[in-house]
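Report on one structure; see the data block that follows.
The values are calculated or read from the model by the stated rules, or taken from the named source; none is laboratory data. A quick note: this is a predicted structure, and the numbers were derived from the prediction, not measured. Virtual Cβ from ideal backbone geometry, glycine too; neighbours counted across all protein chains shown. The area values use the complete protein model at the heavy-atom level, side chains included, leaving out ligands, DNA and RNA. Shrake-Rupley method; radii C 1.70, N 1.55, O 1.52, S 1.80 Å.
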Amino acid sequence: MIPRYLVNFDLEDLPGIAFDLVVVGSGVAGLSTALRAARRFRVALLTKTTLTVTATRIAQGGIASALGADDSPELHFQDTIQAGKGLCEEEAVWTLVREGPMRVTELIEEVGAHFDTVDGHLDLTIEGGHSRRRVAHAQGDATGSELEASLTRRLLYNKRLDVFENYYVIDILTVDGRCAGVLGMDAEEGTINYFRAPAVVLAMGGMGQLYPVTTNPEICTGDGVSMALRAGAEVSDLEFMQFHPTSLHLPETPRWLISEALRGEGAMIVDHAGKRIMEGVHPLKDLAPRDTVVNEMVRVMKKLDRDHLFLDATHIPAAKLKERFPTIYRHCLEAGIDITQVPIPVSPAAHYMSGGVVTNLRGMTRVRGLYACGEVACTGVHGANRLASNSLLEGLVFSWRIMQNLPQAVEEGAGGLMRVCELKHKIRRSRLPVEINLLRPFLQQMMMDCVGFRRSRDGLDEAWEFLTKNLEVLQVEYVSPQGFELQNMITLATLMVKAAVLREESRGCHFRVDFPGQAEYWRRHIVFSMGARGVRNELRPVGELIGAGYDWMPVEAKEC
Ligand code: SIN
């Protein structure tokens, strides 16, 4: 049974601090929400380690939007829908592609982000699944770092905003079903305290750390999705963990992203004999959508009994490679690979969770006062397979939209906060010591083996058995972020396995060897929420992801 809170507490005994808004997470979604909200409100920005340790920071390829002369939101819409394999929510996709160009333009004109240009125009590149060059990039392959730096520069001068680093959020506080703040741990001091606020925005990123090979930073353990579920929100589409085709594959070296943009500029995936693997597989060849490329790579690797393939960029002029991909060039060189001379060893790695906390088009979850945006959220934009470089854009577009009714939510909620300090939670906790450092790698390896790129009923049953044996972890009273992370990872792994068992078909990032075809019946989302007797699931047809309970605040023309 998943407990409502991961720790026992009595707020009367804990130090608390009040803000108008708490934003959790400091990637593009969190920073842009905080920046905009702090024009009007007192905002606390909480981040798990330091401001700069985020998935945004290491994003390379860029940000997609229909800004090219030959492009249009309609074309961007079609490409996104096609990549999403029949599971995208069309209204959400329209919102993304129509508002995307405005948000990117603001980023340049108002926030001061510097994107690469040619003759005064954005130098747009192409990535997998795009029919036009529409991916803007910065410093060649350091787009995320430029975005993060420019947003942070603006934010640090804002007197209404306080940043709390090394703060681990354990749970979302609710009073009578309404969000009332967050409970967390000052990770340096090891002490628990709380932030009282009428509105909370979750922008906590993804959960790549559920797998042993991932492009995500260490912090991406799915805490946001797990705590939102415990607080009463709905979560959906968790069977769609996207694997990125090309992560650097070297023994004893952590996986590291090799941007799809390299293929956009002509690099090709080849086998050990130098033969192109995507020739004849898809009309877009190496630039096919990610799920198609990963599937073919896995097939070829299995056939050759190898654990990696190669990305060959040696035919691209060395000067261009060094100028266009300085970060990749440097990183690979330090690892002993000169990408101008030899093909790069690569294999797929867990990269992006297409599902997450269900939100409507204004970032509202089903819990009054609780919003989510960025990778932690499931707006329905990505469907079963995210289109490359749509994620930074989603973070920008939907964080902006949260502002459409945040002022009313803050005003309405403020009155109800008086009773927060009466909040307490006490359940029987197990004192069984579960060795976190042992269980976490076992869990990751089990996820890779049984819930990786290729799944089968037998493997999923094995995963289920492993998880049910370890569910007792959820009852343990941990006193460290590592313990809470493990509890969140076990919670999510359980839901991912459940969704993967239910979905008896193959679609996008979910491939079942025992159900290789796509079934029309499964144009449905698998939505989880907490019920009186534990987690329950519901199947919602595409177009109906947003169920009842999301319109808890009208939109007024009262933006920040
Ligand atoms: C990449 O640069 O290949 C990653 C872009 C993305 O995941 O959208």
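Among what's in segment 367-415 and is hydroxyl-bearing (Ser, Thr, Tyr) and assigned to a helix (DSSP H, G or I), pick the residue that is nearest to the ligand (Cβ to nearest atom). Let's see the steps before the verdict.
So the first thing to find is which residues in segment 367-415 are hydroxyl-bearing (Ser, Thr, Tyr), and the list is 371, 379, 389, 391, 399.
Keeping just the survivors that are assigned to a helix (DSSP H, G or I) gives 391, 399.
On the way: SER391: 5, SER399: 17 Å.
Step by step, filter segment 367-415, then rank; the result is SER391.
Looking only at segment 134-166, which residues are over 14 Å from SER32 (Cα atoms), in contact with a Gly (Cβ under 6 Å, 6 or more places away or on another chain) and either polar (S, T, N, Q) or open to solvent by 10 Å² or more (accessible area, probe 1.4 Å) (or both)?
THR143
If a residue must be under 22 Å from GLY144 (Cβ atoms) and of a type in the set (D, E, K, R), how many such residues does segment 226-259 contain?
Residues flagged as under 22 Å from GLY144 (Cβ atoms) and of a type in the set (D, E, K, R) within segment 226-259 amount to 1.
Pull out all pairs, ordered by first then second residue, where Cβ-Cβ is under 6 Å, the residues are six or more apart or on different chains, the first lies in segment 518-540 and is within 10 Å of VAL235 (Cα to Cα), and the second is open to solvent by 20 Å² or more (accessible area, probe 1.4 Å) and not in a strand (DSSP E or B).
Listed by first residue and then by second, the contacts come to ILE526/LEU502.
Specify the residue that is farthest from LEU173 (Cα to Cα); the eligible residues are those in segment 220-235 that are part of a loop (DSSP other than H, G, I, E, B) and more than 16 Å from the ligand (Cβ to nearest atom). So that I can check it myself, show each step before the final result.
Taking segment 220-235 as the starting set, the residues that turn out to be part of a loop (DSSP other than H, G, I, E, B) are 220-222, 232-234.
Then keep just the ones that are more than 16 Å from the ligand (Cβ to nearest atom); that gives 221-222, 232-234.
On the way: THR221: 20, GLY222: 18, GLY232: 11, ALA233: 12, GLU234: 16 Å.
Only one residue tops the list, namely THR221.
For segment 72-80, does any single residue satisfy the condition of being within 16 Å of the ligand (Cβ to nearest atom), charged (D, E, K, R) and assigned to a loop (DSSP other than H, G, I, E, B)?
Step one: of segment 72-80, the residues within 16 Å of the ligand (Cβ to nearest atom) are 76, 79-80.
Subsequent filtering for residues that are charged (D, E, K, R) retains 79.
Of the ones still in play, those that are also assigned to a loop (DSSP other than H, G, I, E, B) are none.
The answer is no; no qualifying residue exists.
Any residue at all in segment 534-542 that is aliphatic (A, V, I, L, M) and more than 26 Å from ARG290 (Cβ to Cβ)?
Applying the first criterion (aliphatic (A, V, I, L, M)) to segment 534-542 yields 535, 539, 542.
Subsequent filtering for residues that are more than 26 Å from ARG290 (Cβ to Cβ) retains 535.
Scanning segment 534-542, I find at least one residue that is aliphatic (A, V, I, L, M) and more than 26 Å from ARG290 (Cβ to Cβ), so the answer is yes.
Looking only at segment 443-482, count every residue that is modelled with pLDDT of 95 or more, closer than 24 Å to MET530 by Cα and open to solvent by less than 10 Å² (accessible area, probe 1.4 Å) and tell me the total.
6
Among residues belonging to segment 236-259 that are within 12 Å of the ligand (Cβ to nearest atom) and in a loop (DSSP other than H, G, I, E, B), point out the one that is farthest from ASN390 (Cα to Cα).
Once the filter is applied, the top-ranked residue is TRP256.
Taking interchain pairs and intrachain pairs at least six residues apart, which have beta carbon atoms under 6 angstrom, with the first residue in segment 64-80 and within 11 Å of TRP94 (Cβ to Cβ) and the second open to solvent by 30 Å² or more (accessible area, probe 1.4 Å) and at pLDDT 95 or above?
Here the result reads PRO73/ARG98, each pair linking segment 64-80 to a residue that is open to solvent by 30 Å² or more (accessible area, probe 1.4 Å) and at pLDDT 95 or above.
Would you check if THR49 is part of a loop (DSSP other than H, G, I, E, B), within 16 Å of the ligand (Cβ to nearest atom), open to solvent by 10 Å² or more (accessible area, probe 1.4 Å) and out of contact with any Phe, Trp or Tyr (no Cβ under 8 Å at 6 or more places or on another chain)? Can you show your working first?
Values: part of a loop (DSSP other than H, G, I, E, B): yes; within 16 Å of the ligand (Cβ to nearest atom): no; open to solvent by 10 Å² or more (accessible area, probe 1.4 Å): yes; out of contact with any Phe, Trp or Tyr (no Cβ under 8 Å at 6 or more places or on another chain): yes.
It is false that THR49 is part of a loop (DSSP other than H, G, I, E, B), within 16 Å of the ligand (Cβ to nearest atom), open to solvent by 10 Å² or more (accessible area, probe 1.4 Å) and out of contact with any Phe, Trp or Tyr (no Cβ under 8 Å at 6 or more places or on another chain).
Report, by residue number, each residue of segment 179-219 that is more than 16 Å from the ligand (Cβ to nearest atom), among the aliphatic types (A, V, I, L, M), farther than 14 Å from GLY30 by Cβ and assigned to a loop (DSSP other than H, G, I, E, B).
ALA187, ALA197
Going through LEU311, LEU304, LEU321 one at a time, which residue ends up being at pLDDT 95 or above, open to solvent by 40 Å² or more (accessible area, probe 1.4 Å) and either within 16 Å of the ligand (Cβ to nearest atom) or over 25 Å from GLY86 (Cβ atoms) (or both)? Give the steps one after another, and end with the answer.
Working: LEU311 fails: open to solvent by 40 Å² or more (accessible area, probe 1.4 Å); LEU321 fails: open to solvent by 40 Å² or more (accessible area, probe 1.4 Å).
After applying the criteria, what remains is LEU304.
Can you say whether ASP286 is at pLDDT 95 or above and more than 15 Å from the ligand (Cβ to nearest atom), as far as the supplied structure shows?
Values: at pLDDT 95 or above: yes; more than 15 Å from the ligand (Cβ to nearest atom): no.
In short, no.
Just to be sure I understand the filter: pairs with C-beta atoms under 6 Å, separated by 6 or more residues or on different chains, first member in segment 149-165 and part of a loop (DSSP other than H, G, I, E, B), second member open to solvent by 90 Å² or more (accessible area, probe 1.4 Å) and of a type outside the set (A, V, I, L, M). Which pairs pass?
Close Cβ pairs satisfying both conditions: ARG160/ARG42.
Just checking, how many residues over segment 351-366 are over 15 Å from ALA231 (Cβ atoms) and within 16 Å of the ligand (Cβ to nearest atom)?
We begin by selecting, within segment 351-366, every residue over 15 Å from ALA231 (Cβ atoms); these are 351-355, 360-363.
Narrowing the set further to residues that are within 16 Å of the ligand (Cβ to nearest atom) leaves 351-355.
Going through segment 351-366 one residue at a time, the tally reaches 5.
Pull up segment 119-133, narrow it to residues that are small (Gly, Ala, Ser) and open to solvent by less than 50 Å² (accessible area, probe 1.4 Å), then point me to the one that is nearest to the ligand (Cβ to nearest atom). Outline the logic, then answer.
Within segment 119-133, the first condition is being small (Gly, Ala, Ser), and the residues that meet it are 120, 128-129, 131.
Now narrow it down to the ones that are open to solvent by less than 50 Å² (accessible area, probe 1.4 Å): 128-129.
On the way: GLY128: 8, GLY129: 10 Å.
In this case the residue turns out to be GLY128.
Please give the number of the condition ILE344 fails out of (1) open to solvent by less than 10 Å² (accessible area, probe 1.4 Å); (2) within 11 Å of the ligand (Cβ to nearest atom).
(2)
Which of the following residues is farther than 20 Å from GLY206 by Cβ and either polar (S, T, N, Q) or in a helix (DSSP H, G or I) (or both): LEU471, LEU443?
Working: LEU443 fails: farther than 20 Å from GLY206 by Cβ.
Checking each option against the conditions leaves just LEU471.
Which of the following residues is within 26 Å of the chain's Cα centre (by Cα) and under 16 Å from ARG263 (Cβ atoms): MET278, MET297? Talk me through it step by step, then tell me what you get.
Details: MET278 fails: within 26 Å of the chain's Cα centre (by Cα).
It is MET297.
Against the condition under 26 Å from ASP116 (Cβ atoms) and more than 16 Å from the ligand (Cβ to nearest atom), how does GLY61 come out, does it pass?
Working: under 26 Å from ASP116 (Cβ atoms): yes; more than 16 Å from the ligand (Cβ to nearest atom): no.
So GLY61 does not fit the description; no.
Residue under question is GLU375, and the condition is that it be of a type in the set (Asp, Glu), at pLDDT 95 or above and under 25 Å from ASN216 (Cα atoms); does it hold? Walk me through it before giving the result.
Values: of a type in the set (Asp, Glu): yes; at pLDDT 95 or above: yes; under 25 Å from ASN216 (Cα atoms): yes.
Criteria met by GLU375.
Any idea which of (1) over 30 Å from ARG533 (Cα atoms); (2) open to solvent by 20 Å² or more (accessible area, probe 1.4 Å); (3) under 25 Å from the mean Cα position of the chain (by Cα) is the one GLY30 doesn't satisfy?
(2)
Specify the residue that is farthest from ARG512 (Cα to Cα); the eligible residues are those in segment 260-300 that are open to solvent by 20 Å² or more (accessible area, probe 1.4 Å) and in contact with a Ser or Thr (Cβ under 8 Å, 6 or more places away or on another chain).
Per the stated criteria, the residue is GLU265.
Can you tell me which condition GLY459 does not meet? The list is (1) free of Cβ contacts under 8 Å to residues at least 12 places away in the same chain; (2) within 16 Å of the ligand (Cβ to nearest atom), and all the others hold.
Condition not satisfied by GLY459: (2).
For segment 9-26, give me each residue that is at pLDDT 95 or above and assigned to a loop (DSSP other than H, G, I, E, B).
Correct list: LEU14, PRO15, PHE19, ASP20, GLY25.
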